[in-house]
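Asker: One structure follows; several queries about it will come next.
The values are calculated or read from the model by the stated rules, or taken from the named source; none is laboratory data. The structure presented is a predicted model; accordingly, all values stated were derived computationally and were not measured. Using ideal geometry, Cβ is built from the backbone for each residue, glycine included, and neighbour counts are taken over all protein chains shown.
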Amino acid sequence: MSQARALYHLMRADFLERVRRYSFLITLGLAVWLGWAVSTGKLKLWISDSRGIYNSAWVGLLMAMVVNAFVSLAGFYVVKNTLERDRRTGVGQILATTPMSKTLYTLGKTLSNLAVLLAMVAVLAMMAVVAQWMAGEDTHIQLWPLLAPSLIFCVPAMALVAAFAVLFETIPFLKGGFGNVVWFFLFTASMPLGIKGTHDPIGLGLVRTQLKAAVQRAFGSATDGFVLGAIGNERQARTFRWEGMDWTREILLSRLTLLTIAFAITLLAALLFDRFDVSRSWGRRRSSSRDFVAASDRELVPARNGVVPEPVPVHLQPLPAESRRFRFFEMLHAELRLLLKGQRWWWYGIAAGLIVAGLLVPEEGRKIVLPLTWIWPVLLWSSLGTREARFATDGLVFSAAWPLRRQLPATWLAGFLLALVTGSGVGLRLAFTGDWPAAGAWLIGALFIPTFALALGVWSGSSKLFEVVYLFLWYIGPLNQTRPLDFMGAVPAAVQAGIPLVWLAATVALGITGVAGRWRQLAGR
Amino acid sequence: MKLTIEGVGKRYKGNFWGLREFSLEQGPGVLGLLGPNGAGKSTLMRILATITKPTEGRAFWNGTDIARSPNGLRSGLGYLPQDFGVYPNLNAVEFLEYMAAVKGLDTAAARQRIDSLLALVNLTEVRKRPLGGYSGGMKQRIGIAQALLNDPQLLIVDEPTVGLDPEERVRFRNLLSDLGGERIVILSTHIVSDVEATATGIALIDQGRLLAYAAPEELLRRVEGKVWEWVIPSAELPAAREKWKISNAIRRADGVHARVVSERPPVADAKSVPPSLEDAYLAVLEGSRGSRLGMAA
């Protein structure tokens, strides 16, 4: 009983701490926006060029699929911070000294994550009613067909996301930005596999089978075409009446299996959880325990025989007046060192390999090499503008003279130089071949990336927002050759259409936004 | 060199005033800010360090409003916040070089300065170790070193001795006394002995308001002849605490030596003893709270 009580309070405290933050309101706002996109027909579900009329069963299913496809990806980033918060606030140190077991802790954190994700699901379920009314095709609200898909498809999927978020936080190399990148690729890679199978977390495979059968019944034939996302209004779909999912034993069992897997992942997280023991994470990897003990020993010099030692004369020589000369190059050098410090040899090895590949690959290869070149340093760029908040050095840095004029430009320039150097292979090749429009687009890309990182970093105070948004943009734009979103000139057609100029304008706007954000940090507190 | 604070106040969310109508003028020397937790010391220091802007009132550094033109002050400011962090991947030298660049110091001069500062705070031996592996006290010493990097005219240190061992604490107190001779040092703490050892002026703050601003000798004079000590058996201590506000109780072989600040002797055999700064601090605090309660009643 006391275990259950502890679990409840662990979950409750964590949940309340999150929902009382402004960021939670933003999260709910995003959920409302997603619901609005469905309501206004911007996000659709089509099967074999057909769709159901907007009755409760269809809207409920559509909303559940949107939740699982989008909230599963974005929601992970929303909730993957609960252990980090306990670590940062020191609450973890206190919890570690209580009799609470590691399993109870990770279970409480998974449940708290789940509660946050379900709050988003609840908002979208309510938006389903709005969507049905706005469509006006069948305004009769039927609760079970409307809510059952959310309950049966979304709860297990969200439980899985909640558990994975906790697991990632217990694995040292996945708890930071690298974990954010890994989740993105894990999710995007598993989605096509899920559509083909029946045990996919999102449930698209299960839905597809029944929808295809319904289309076949309505029109006599059906193809494998299945789209969930934005579809242009110029295309018209055939409509049919969808009466709701047949909740077979197979479906219910597969969803229960997901809940069991989520529980198993939580148990695995408990096994890996270091219980806030610094020596098991930081100390073991970065510095030897012998060093740490030696350092601590120096701290523990006792007062000899209980008497404070006699004062020792202490003097500090004055600093010559001529030494107070600000040199931008020195500031830039310091920022570059801060940006690159801690990278291992293999990081530089891969970056160098990509530079060489950029020089050697032909035109077609550029479409792949350039995006790869500028995804590799993403975790370095994501630190721009956030370090002061993340490492609590803002009091030190912002109390120095002219931080807006001196430190911020140096921070940005360090990020820009990183983009120039890592992308230099492609850049040089474009210059050698005289493809100046593409070289210009490449330069705009190099300007855009650090500016974008700095603006998001300064305003969010966290590297996560840039990591996630940049990954989306990079994946959909340059990598998938979506012309309007190609910000680096990887798609020749985008360069010819003048798209880089739009990104140049965006860079300028983001630059102003970043400076305004830092100015607000300095002046508005 | 002059720091002038005129009616400064800071209002936080929920109409809570962290600081109210705070005024004083300070020349070279060590100003000790004394007050209980939440008194408004850190708020005042953040305003003076130009990290936060006051809601009302103004503060001037050599006649310049620091909220309107903060960079004049910042060029000669050394600030050690109560809570601060470091970059864990950098070592002590690299971190201080970074801070020197931010503060606009010449590289060659900064290197020399960093060497002497690391020696001063006893971190020379661990100068090449990443800061992420430092203990709390060592990080505090790095904080002290960065505050002194630019040879500041105004040094603001918020609870600087937290986490320091007794030897380092004494060393730092001496350093503050030494520095206070030709610049303004503002030291915030709730450890009275730190202020006692270094301050040339003391500002007592409670609930966001300045209760007293005087030299330590003046504060001590205020309670001269009002501090009493007497010996009671150990068993009677709880009853004595109920009856009097005992500021200190030390167990000795002959019993407990209880100490109170009072206009009259608490018992007939109580002896008048020389006051300490802690007695003066408690007397001012009690007096202020008593008068507020009286007004409220």
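Asker: Give the residues of the range B:42-66 that are of a type in the set (A, V, I, L, M), facing another protein chain (nearest Cβ under 9 Å) and touching a strand residue (DSSP E or B) at 6+ places or on another chain (Cβ under 7 Å), sorted by residue number.
Answerer: B:49
Asker: Go through (1) part of a helix (DSSP H, G or I); (2) of a type in the set (A, V, I, L, M); (3) more than 23 Å from residue B:104 (Cβ to Cβ); (4) in contact with a Lys or Arg (Cβ under 7 Å, 6 or more places away or on another chain) and name the single condition residue B:138 misses.
Answerer: (4)
Asker: Report, by residue number, each residue of the range A:1-55 that is in a strand (DSSP E or B) and among the polar types (S, T, N, Q). Lay out the reasoning, then the answer.
Answerer: Kept after step one, since they are in a strand (DSSP E or B), are these residues of the range A:1-55: A:44-47, A:50-52.
The answer is A:50, and nothing else.
Asker: Given the range B:1-44, what strands (runs of 3 or more DSSP E) lie entirely inside it while holding 3 or more residues that are over 19 Å from residue B:200 (Cβ atoms) and not acidic (Asp, Glu)? It would help to see each step written out before you state the result.
Answerer: Details: elements: B:3-12, B:16-26, B:29-34.
Output list reads B:3-12, B:16-26.
Asker: Turning to a different aspect of this structure: Here's a check for you: in the range B:169-190, which residue that is within 11 Å of chain A (Cβ to nearest Cβ) and hydrophobic (A, V, I, L, M, F, W, C) is farthest from residue B:93 (Cα to Cα)? Even if it seems obvious, please write down each step before you answer.
Answerer: If we filter the range B:169-190 for residues that are within 11 Å of chain A (Cβ to nearest Cβ), which is where we start, we get B:169-179, B:181-183.
After this cut, where a residue has to be hydrophobic (A, V, I, L, M, F, W, C) as well, the list is B:170, B:172, B:175-176, B:179.
Working: B:170: 24, B:172: 20, B:175: 21, B:176: 23, B:179: 23 Å.
Selected residue: B:170.
Asker: So which residues in the range B:105-131 are within 10 Å of another protein chain (Cβ to nearest Cβ), in contact with a Ser or Thr (Cβ under 7 Å, 6 or more places away or on another chain) and not basic (Lys, Arg), if there are any at all?
Answerer: Correct list: B:105, B:106, B:109, B:130.
Asker: Does residue A:82 qualify as being more than 20 Å from residue A:121 (Cβ to Cβ), polar (S, T, N, Q) and within 25 Å of the chain's Cα centre (by Cα)?
Answerer: no
Asker: Another question, then. Does at least one position in the range A:424-447 carry a residue that is crowded, with 23+ Cβ neighbours inside 10 Å, polar (S, T, N, Q) and assigned by TED's automatic domain parsing to the domain that holds residue A:472?
Answerer: No, the range A:424-447 contains no residue that is crowded, with 23+ Cβ neighbours inside 10 Å, polar (S, T, N, Q) and assigned by TED's automatic domain parsing to the domain that holds residue A:472.
Asker: Out of A:89, A:106, A:97, I need the residue that is in the same structural domain as residue A:15 (by TED's automatic domain parsing) and closer than 24 Å to residue A:186 by Cα. Which one?
Answerer: Selected residue: A:106, the only one of A:89, A:106, A:97 that is in the same structural domain as residue A:15 (by TED's automatic domain parsing) and closer than 24 Å to residue A:186 by Cα.
Asker: Quickly run through the range B:160-215 and pick out the residues that are within 22 Å of residue B:38 (Cα to Cα) and part of a helix (DSSP H, G or I).
Answerer: Across the range B:160-215, the qualifying residues are B:192, B:193, B:194, B:195, B:196.
Asker: Something else: Exactly one of these conditions fails for residue A:75: (1) buried (at least 18 other Cβ atoms within 10 Å of the Cβ); (2) more than 17 Å from residue A:202 (Cα to Cα); (3) not hydrophobic (A, V, I, L, M, F, W, C). Give me its number.
Answerer: That leaves (2) as the condition not met.
Asker: Restricting attention to the range A:420-474, and to residues there that are touching a residue at least 60 places away in the same chain (Cβ under 8 Å) and among the polar types (S, T, N, Q), which single residue is farthest from residue A:394 (Cα to Cα)?
Answerer: A:424
Asker: Among A:359, A:338, A:384, which is more than 7 Å from chain B (Cβ to nearest Cβ), buried (at least 16 other Cβ atoms within 10 Å of the Cβ) and of a type in the set (A, V, I, L, M, F, W, C)? Outline the logic, then answer.
Answerer: Details: A:359 fails: buried (at least 16 other Cβ atoms within 10 Å of the Cβ); A:338 fails: more than 7 Å from chain B (Cβ to nearest Cβ).
When all the criteria are applied, what remains is A:384.
Asker: Moving on to the next point. Residues that are more than 20 Å from residue A:58 (Cβ to Cβ), at least 3 per element: which helices (runs of 4 or more DSSP H) completely within the range A:137-228 meet that? Let's see the steps before the verdict.
Answerer: Numbers: elements: A:143-149, A:155-170, A:177-196, A:204-219.
Filter on the range A:137-228 gives A:155-170, A:177-196.
Asker: Looking only at the range B:88-104, count how many residues are facing chain A (nearest Cβ under 7 Å), crowded, with 20+ Cβ neighbours inside 10 Å and either in a loop (DSSP other than H, G, I, E, B) or touching a residue at least 24 places away in the same chain (Cβ under 8 Å) (or both).
Answerer: Total meeting the criteria: 4.
Asker: Give the number of residues within the range B:135-147 that are within 7 Å of another protein chain (Cβ to nearest Cβ), under 11 Å from residue B:163 (Cβ atoms) and crowded, with 23+ Cβ neighbours inside 10 Å.
Answerer: Taking the range B:135-147 and keeping what is within 7 Å of another protein chain (Cβ to nearest Cβ), we get B:135, B:137-138, B:146.
Okay, now just the ones that are also under 11 Å from residue B:163 (Cβ atoms), so B:135, B:137-138.
Now drop any that are not crowded, with 23+ Cβ neighbours inside 10 Å, which leaves B:138.
Residues that pass the stated criteria total 1.
Asker: Among the residues of the range B:149-168, is there at least one that is of a type in the set (Val, Ile, Thr), facing chain A (nearest Cβ under 9 Å) and surrounded by fewer than 23 Cβ atoms within 10 Å (Cβ to Cβ)?
Answerer: In the first step, residues of the range B:149-168 are kept if they are of a type in the set (Val, Ile, Thr); the result is B:156-157, B:161-162.
This time we only want the ones that are facing chain A (nearest Cβ under 9 Å), so: B:156.
Next cut, surrounded by fewer than 23 Cβ atoms within 10 Å (Cβ to Cβ) only: none.
No: zero hits.
Asker: Which members of the range B:184-201 meet the condition of being within 12 Å of residue B:157 (Cα to Cα) and over 9 Å from the mean Cα position of the chain (by Cα)?
Answerer: Selection gives B:184, B:185.
Asker: In this structure, is residue B:33 surrounded by 16 or more Cβ atoms within 10 Å (Cβ to Cβ), within 14 Å of chain A (Cβ to nearest Cβ), farther than 16 Å from residue A:523 by Cβ and aliphatic (A, V, I, L, M)? Spell out the reasoning first.
Answerer: Numbers: surrounded by 16 or more Cβ atoms within 10 Å (Cβ to Cβ): yes; within 14 Å of chain A (Cβ to nearest Cβ): no; farther than 16 Å from residue A:523 by Cβ: yes; aliphatic (A, V, I, L, M): yes.
No: the conditions fail for residue B:33.
Asker: Of the conditions (1) free of Cβ contacts under 8 Å to residues at least 60 places away in the same chain; (2) exposed (fewer than 15 other Cβ atoms within 10 Å of the Cβ), residue B:226 fails just one. Which one is it?
Answerer: Looking at each condition in turn, residue B:226 falls short on (2).
Asker: Counting just the residues of the range B:141-159 that are of a type in the set (S, T, N, Q) and in a loop (DSSP other than H, G, I, E, B), which one comes out farthest from residue B:93 (Cα to Cα)? Step through it out loud before you land on a result.
Answerer: Filtering the range B:141-159 down to residues of a type in the set (S, T, N, Q) leaves B:146, B:150, B:153.
Next, from what is left, pick out any that are in a loop (DSSP other than H, G, I, E, B): B:150, B:153.
On the way: B:150: 15, B:153: 23 Å.
Looking at the filtered set, the residue picked out is B:153.
Asker: In the range B:216-246, which residue that is of a type in the set (Gly, Ala, Ser) and either closer than 19 Å to residue B:262 by Cα or assigned by TED's automatic domain parsing to the domain that holds residue B:6 (or both) is nearest to the chain's Cα centre (by Cα)? Steps first, answer last, please.
Answerer: Let us first name the residues in the range B:216-246 that are of a type in the set (Gly, Ala, Ser), namely B:225, B:234-235, B:239-240.
With the extra rule that they be either closer than 19 Å to residue B:262 by Cα or assigned by TED's automatic domain parsing to the domain that holds residue B:6 (or both), the set shrinks to B:225, B:239-240.
Numbers: B:225: 27, B:239: 34, B:240: 32 Å.
Checking each candidate, the answer is B:225.
Asker: Do we find that residue A:516 is without any contact (Cβ under 8 Å) to a residue 24 or more places away in the chain, out of contact with any Gly (no Cβ under 9 Å at 6 or more places or on another chain) and surrounded by fewer than 24 Cβ atoms within 10 Å (Cβ to Cβ) in this structure? Working first, answer last.
Answerer: Values: without any contact (Cβ under 8 Å) to a residue 24 or more places away in the chain: yes; out of contact with any Gly (no Cβ under 9 Å at 6 or more places or on another chain): yes; surrounded by fewer than 24 Cβ atoms within 10 Å (Cβ to Cβ): yes.
Here the answer is yes, as residue A:516 does meet what is asked.
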